[in-house]
1. Out of region 165-188, which residues are assigned to a loop (DSSP other than H, G, I, E, B) and either within 13 Å of G108 (Cα to Cα) or touching a residue at least 12 places away in the same chain (Cβ under 8 Å) (or both)?
2. Any residue at all in region 631-650 that is touching a Lys or Arg at 6+ places or on another chain (Cβ under 6 Å), assigned to a loop (DSSP other than H, G, I, E, B) and on the phi > 0 side of the Ramachandran plot?
3. State the number of residues belonging to region 295-314 that are polar (S, T, N, Q), surrounded by 20 or more Cβ atoms within 10 Å (Cβ to Cβ) and over 17 Å from L227 (Cα atoms).
4. Could you tell me whether any residue of region 345-353 is surrounded by 18 or more Cβ atoms within 10 Å (Cβ to Cβ) and part of a loop (DSSP other than H, G, I, E, B)?
5. Yes or no: region 384-394 includes at least one residue that is within 26 Å of K317 (Cβ to Cβ), part of a loop (DSSP other than H, G, I, E, B), touching a residue at least 12 places away in the same chain (Cβ under 8 Å) and out of contact with any strand residue (DSSP E or B) (no Cβ under 9 Å at 6 or more places or on another chain).
6. For the condition at pLDDT below 95 and surrounded by 12 or more Cβ atoms within 10 Å (Cβ to Cβ), what is the one hit in L23, L61, L45?
7. Going by the conditions given, is G419 small (G, A, S) and in a loop (DSSP other than H, G, I, E, B)?
8. Quick check: is even one residue across region 140-152 in a loop (DSSP other than H, G, I, E, B) and surrounded by fewer than 19 Cβ atoms within 10 Å (Cβ to Cβ)?
Amino acid sequence: MKKLVFLLIIFCITTVYAQKQELNWREITPGVWESIIGDPEGIDLLQIAETKPRTDALQKLGKPLFPEQIKSSKAEVTDGKTYLHFPLQKEEQLFGLGLNFKTVQQRGTIKNLHVDHYNGQDDGRTHAPVPFYVSDKGYGILVNSARYLTVYAGTSVRTDSKDFPPERNRNDPQAGWEAQPYSDAVEVLVPAKGVKVYLFAGKNALEVVQRYNLFNGGGTLPPKWGLGFTHRTPTLFTDEQILEEVTAFESKGYPLSFVGLEPGWQSTSYPNSFVWDKTRFPQPKPFLNELLKKNIRVNLWINPYPGSKSPVYEVIKPYTASHTVWVGLVPDFTLKPVQDLYRKLFTAEHLKMGVAGYKVDEVDGYDKWLWPDVATFPSGIPAEQMRQIYGLKFQKMVDGWFREQNTRTYGLVRASNAGASNLPFVIYNDYYDHRDFITALCNSSFIGVLWTPEARSSKTDEEWLRRMQTVCFSPMAMLNAWADGTKPWTYPAVAEPIKQVMLLRMQLLPYLYTTFAQYHYEGKPPIRAMNLVEGFSFAAKSEKAALNSTDNPYGLALKEDMKDQYMLGDYLLVAPLFAGEKSRKVILPPGKWFDFYSGKLAGAGEVIRVTPERNKMPLFVKDGGIIPLIPPALHSPTKATVLPLTIRHYGEKEGSWNLYDDDGETFDYEQGAYTWTKLEVTKNKKGLLKGNTPKPNNKNFRYKNIRWEFMTPSN
């Protein structure tokens, strides 16, 4: 009898604390499936981002089959937590899992996905810890939780593994012992009693990323001025000093489309008032108007924490957290009264005056500066979840304010998460490693966020040149001079080549703008890691390292990674150089590739070594590539500007490419006020290439005097 009672108790405990569940997948839109495990929490990332899938674009991608290997996925809810198990194949490569700065391939890593300032390690604590990974086998998994998640991306070995690794004897030199046994699974720990999981399928990794972005509303389409050049001025500059700075850019011939004002524009900061300082900016509206006459916009630095000098301080107190940040209140932005207060203040003090955007600082970390996880919020949302969603929620609010004005914005933010593809913000941070900045650019392409490798200062003129070159081939070309007042011409030895690459950025605006339109309408990220390029193959190679009793006592393998070159749009391959380098290796995808500057053949599906002129960053164009250019300009075009267009063609192949245009400022494109114009190159009877000359009769096409330029010498 006692034995029976004991067994019943064990059964009840098991029933309560270990609820195993098969993953039942439901297709909710073409190529996207949802599985609900246990009892999901009331708040999640996609809910905060208010995502609205672009079902029309998802349907155009076709209807792929559900990935066979994912059918054996498992889930278990126990001890108030959810355990997820997704199988892996041999040699399968994984990408994503947040904005990483050291590695692109993530198989064999462990991540504690946690919004934080990046601190030099790819451990999951980063500005955008997006819980989404992409497989080169044609699928991606999103765990839609606002908790701190732990992901074991092919590191854990279960006793019931279907592909159990062999047992080897380290004492036998011939046994081939390895410190890291093979793992055939991704396992995720979700500290909650349930969760929603989404699966995205596609014929390749790029299509998977497209589906993810389109499911989140499509990528953001910035205003044209946002793709120009931006300069952030020193913290305590006055309106007169900023105007002098703007005049210097113009007189010296350096492009400038928007300026950033750092904390000193406010009457108080850390914590903030959110109102203009009357000594440095006595008449903000005339100041903003004067800049706008020069076709230059203004972006304001903020963090969201009001101090006692802010107009909202007293009224917002009941809607704030138990803890402060820099002695400023921490508003609960999930509450409507808070949203309304900020909307009213920011619209009156900034948007109505002509402010074009924000730099949203300090919504990421460190732990010692932000609210602790023991903090409480009036909405009842735990501090952990608030940490994960705070930057995401603020982006959504700002986007809404500008939409009410029918004016596009493009800004900066320190924290983001899943669902942010459609939000007009670029991530930045205080970390300053040039090589790692390029790795982050590659990683951003997998997770639906944008990242800028901003330039601030340099030890040498060569480093300054290399950093500025990289900046000009990123989602936001930014010089951040808040601390030391650095200018593009601060290093005279490289002032001219820096001017030329900044002007090239301006010339490329039709190509860049169309690339972002692809992001919006098709889900293609503007920056693309090489692993997203069709036909590109880069096997993850591991090389055994020598045993070392201090540095490497287990002989852990060194993993090769593809992280220092990337695609910008469909045709342009960017291969940055770093200080001290005279040459570099470039891995060319299949097909022929041509030098951007000369049009000469660079190679075809091979590894090449290039030694460029010091003043030029290596750029290559795919065979048949079409690159539209406008004349060099100091400012971005307005919606009234009509510009001459030169269309470059590279290589020997026929081809076509659709050029996008709209007014570049408003949201009228969402109501159909845009054009896609086909640019096409064909061969005549003699085998010579010829380009069409489009003549669209549409006010949304703002180009004239179109001419073709065939770059490859044989043409």
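1. P165, E178, A179, Q180, P181, Y182, S183, D184
2. No, that holds for no residue.
3. The qualifying residues number 2.
4. no
5. no
6. L23
7. The answer is yes for G419.
8. no
The values are calculated or read from the model by the stated rules, or taken from the named source; none is laboratory data. All values reported here derive from a predicted model rather than from experimental measurement. Neighbour counts run over all protein chains shown; Cβ positions are idealised from the backbone, glycine included.
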